[in-house]
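Everything on this sheet refers to the single structure shown next.
The values are calculated or read from the model by the stated rules, or taken from the named source; none is laboratory data. Keep in mind that this is a model prediction, so the values were computed, not measured. Accessible surface is based on the protein model in full, side chains and every heavy atom, while ligands, DNA and RNA are left aside. Shrake-Rupley method; radii C 1.70, N 1.55, O 1.52, S 1.80 Å.
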Amino acid sequence: IVKKHDKNAPFLLKPTFTVRMNSRPFFKENFDELLLELSRLYNIVRNGGIDVDENKDPQSGNGQNFVRQTTKYWVHPDNVMELKLYILKYLPVLIYRKKDSDDVPNPAITSIYFDNQDLDLYQGRIEKSEGAEAIRLRWYGSMDSTEIFVERKTHHEDWTGEKSVKERFSIKEKYVNDFLAGRHTLDSRIQKLREEGKKNEQDLQHMKELGEQ
């Protein structure tokens with residue numbers, strides 16, 4: 001309506017209208033918490049009244065190396081909320097939060113991608129060149145997350161007979177800058193995982209090699 005007004009009237013209404021709308025509480029309403037609760041309820045119904053995700057670590061089952069196939073779609077901003085509500089009927093929202101935390105779950109996923117001045121990695125991914133890589137830092141949840149994943153995604157064409165793969169390892173946020181500068185290694189982290197028995201020797205060796213690369 002405002003667009004049509006500004007197109008046909010001798011004065012613009014949009015600037016004033018935008019300021020007024022931004023000052024209204026309902027216009028800034030955040031529905032994330034409501035969507036998360038609706039997602040949980042839908043999931044309970046789908047599973048016969050059982051909350052299968054209660055006390056479950058959302059990262060469980062996610063190894064450091066795994067094959068993943070994804071399909072991405074562009075959605076007009078005006079249709080995002082409608083699409084979310086439709087998907088909730090069939091799939092739950094994947095959320096990340098610290099164990100035993102009472103904080104409201106934050107479904108955010110933040111990524112920082114690395115590249116050179118010529119954007120070679122970006123171009124390779126856009127063109128889907130064989131062996132194209134994406135190297136990034138990723139964390140889940142709020143900005144104060146202390147666990148950061150260092151990831152490398154490698155694209156393989158179908159004719160190679162190989163599947164595209166994502167390799168990664170986690171590192172504490174306080175060590176990230178030193179790791180990127182070459183002043184921190186994964187030796188202490190690997191030794192701790194070995195002592196705790198959380199990873200087998202093959203995974204630990206690959207983690208060491210990936211960190212050195």
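Of note:
- Cross-link pairs Lys166/Lys192; Lys72/Lys128; Lys128/Lys163; Lys163/Lys199 - those with Cα-Cα distance over 18 Å: Lys166/Lys192; Lys163/Lys199
- Among the protein heavy atoms, those of Leu83 account for about 70 Å² of accessible surface (1.4 Å probe, every chain in place).
- Carbon plus sulfur fraction of accessible area for the stretch 80-213, probe 1.4 Å, in percent: 50
- For the stretch 81-213, a Kirkwood hydrodynamic radius built from all Cα pairs, placed in the Stokes-Einstein relation at 20 °C and 1.002 mPa s, yields a translational diffusion coefficient of 123 µm²/s.
- Here the Karplus curve 6.51 cos²θ - 1.76 cosθ + 1.60, taken at θ = phi - 60°, turns the phi angles of the stretch 164-169 into couplings of 4, 9, 10, 10, 7, 8 Hz, with x standing for Gly and Pro.
- Cα centroid separation, the stretch 1-26 to the stretch 164-206 (Å): 53
- Solvent accessible area, Å² - Tyr113, 1.4 Å probe, full protein context: 130
- Per residue accessible area of the stretch 116-207, 1.4 Å probe, in Å²: 65
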